[in-house]
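Asks: Pasting a structure here, questions to come.
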């Protein structure tokens, strides 16, 4: 048995305890099997429990209460042992005569018992079929939400019929089904008063009209925070509840409360008092008050334990929340720091790449200028057959340079001469091995050449324009070299 419980989850164990508390079933394996067949839906399992086709053994079911007692209802006292005590007190001298009389009446007794058994079985069978017929006709086609709707509908129907007969001034009945109300009482640690009535009993009208509508009773129930559920055994759910609580006399009342479990098990809802038959409001109030005093200490202790657990749970939740918020703040801080580190690393990498690119650019620039030492068009001598112009350059540093150029030289040749001129002053460089210009490089001149009067700027990009085509440069001219505003300067 222990191994079966060990295979259940905590939520399934709780549903099993509720199922056994409501149905009073002691067969653990059958209860688990019934819950499993209905996907652990408590209401459907309880309804199936009371249907004749249920697989729960009849021995585990509560006895079915008769719809109308054959004897007058007993008093509200709980002591029902009077008959056995009187039987033992019978005078011994009359035993012989009783034995002879019993022997003579024995055939009639057998016939009477047989007839009574058949009639009782037929009555029970008809009663069960009538009450559960609606469920059996639509059982397989109902949706999972149907049991709750039926329970609420039954509660609303009971309330409407009660108020129609006795007015709206009465004890407050729960508008939920029995299972939901029982769970609410368990969850809130409330005393749960179940009131069952039968239209076939003559005491029902007097009890409902004079007791359940009594102002003192209503005030007492409100002050003690008692939750009340009422039902008519002519309806399916109330009949099932009467079977569970083994009601035999109506009106019937049961006080249910959460009680500590045995051997360290979890608390269970249990019947702590049964009240059968009609009773005046004062007697009912006294009986309820006695029950509350007797079990209130246990309820208060469990409530304090629950409040303590709730407080500890809230404290843990607050601590977990504070920890998560702190962890989130630390993670956010670390994320920002990591992003800053990445940004700094990216910026540093960008600067390094820019520096390397600039260094490579300067290297290619210097290589290009050095390549001009040997690739620059030579100054024409006296043996040159073409036209020659003589140009006077005033450099940006104030130096003056005079050089002759061929008529076939281009405007870019003038720029190349000014660019390479500082290196031409070094005779050692002229004797070096020629250097090829760099690839993937576009040279940019950081100066402009123009004539003073009139001011004419000569564009270095005019590679195909020969000097012969520029009339202002013939037969001689003065040119001014101005440095351009360029941030990209050479680095030594």
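Asks: Which residue pairs have Cβ atoms under 6 Å apart, sit 6 or more places apart or on different chains, and have a first residue in the stretch 215-233 that is more than 16 Å from residue 255 (Cβ to Cβ) and a second that is part of a loop (DSSP other than H, G, I, E, B)?
Replies: Final answer for the pair search is 218/171; 233/198.
Asks: Kindly indicate the residue of the stretch 175-188 that is touching a helix residue (DSSP H, G or I) at 6+ places or on another chain (Cβ under 6 Å) and surrounded by 19 or more Cβ atoms within 10 Å (Cβ to Cβ) and also farthest from residue 213 (Cα to Cα) among those meeting that condition.
Replies: 179
Asks: Let me ask another. What are the residues in the stretch 260-310 that are outside any helix (DSSP H, G or I) and farther than 30 Å from residue 170 by Cα, if any?
Replies: Once the filter is applied, which keeps residues that are outside any helix (DSSP H, G or I) and farther than 30 Å from residue 170 by Cα, the stretch 260-310 yields 260, 261, 265, 266, 267.
Asks: Next question. Taking residue 334 as the residue in question, decide whether it is under 26 Å from the mean Cα position of the chain (by Cα), part of a helix (DSSP H, G or I) and at pLDDT 95 or above.
Replies: So residue 334 does not fit the description; no.
Asks: If we keep just the residues of the stretch 429-441 that are more than 12 Å from residue 370 (Cβ to Cβ) and loosely packed, with under 14 Cβ neighbours inside 10 Å, which is nearest to the chain's Cα centre (by Cα)?
Replies: 440
Asks: Still on this structure: Quick one: what pairs do we get from the stretch 280-296, first residue more than 20 Å from residue 270 (Cα to Cα), second surrounded by fewer than 16 Cβ atoms within 10 Å (Cβ to Cβ), C-beta under 6 Å, 6+ apart or different chains?
Replies: Between residues of the stretch 280-296 that are more than 20 Å from residue 270 (Cα to Cα) and residues that are surrounded by fewer than 16 Cβ atoms within 10 Å (Cβ to Cβ), the close pairs are 281/216.
Asks: Residues in the stretch 442-476 that are surrounded by 13 or more Cβ atoms within 10 Å (Cβ to Cβ) and either outside the structural domain of residue 391 (by TED's automatic domain parsing) or closer than 20 Å to residue 397 by Cβ (or both): how many?
Replies: Counting residues in the stretch 442-476 that are surrounded by 13 or more Cβ atoms within 10 Å (Cβ to Cβ) and either outside the structural domain of residue 391 (by TED's automatic domain parsing) or closer than 20 Å to residue 397 by Cβ (or both) gives 9.
Asks: Evaluate the following for residue 213: is it out of contact with any strand residue (DSSP E or B) (no Cβ under 9 Å at 6 or more places or on another chain), under 18 Å from residue 158 (Cβ atoms) and not in a helix (DSSP H, G or I)?
Replies: yes
Asks: Filter the stretch 383-400 down to residues that are surrounded by fewer than 17 Cβ atoms within 10 Å (Cβ to Cβ) and over 22 Å from residue 469 (Cα atoms) and give me whichever is farthest from the chain's Cα centre (by Cα).
Replies: Per the stated criteria, the residue is 383.
Asks: Let me ask something else. Only one of 219, 151 is closer than 14 Å to residue 230 by Cβ, in the same structural domain as residue 43 (by TED's automatic domain parsing) and either more than 41 Å from the chain's Cα centre (by Cα) or crowded, with 19+ Cβ neighbours inside 10 Å (or both); which?
Replies: Within the list 219, 151, the selection yields 151.
Asks: Just checking, which of 284, 245 is surrounded by 12 or more Cβ atoms within 10 Å (Cβ to Cβ) and over 39 Å from the mean Cα position of the chain (by Cα)?
Replies: 284
This table checks each residue for (1) outside the structural domain of residue 258 (by TED's automatic domain parsing); (2) exposed (fewer than 14 other Cβ atoms within 10 Å of the Cβ); (3) at pLDDT 80 or above; (4) more than 21 Å from residue 238 (Cβ to Cβ).
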residue	(1), (2), (3), (4)
6	no, yes, no, yes
10	no, yes, yes, yes
16	no, no, yes, yes
20	no, no, yes, no
25	no, no, no, no
29	no, yes, yes, yes
35	no, no, yes, yes
39	no, yes, yes, yes
42	no, no, yes, no
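The values are calculated or read from the model by the stated rules, or taken from the named source; none is laboratory data. None of the values given here were measured: they were computed from a predicted structure. In this analysis, Cβ positions are derived from the backbone assuming ideal geometry, glycine residues included, and neighbour counts consider all displayed protein chains.
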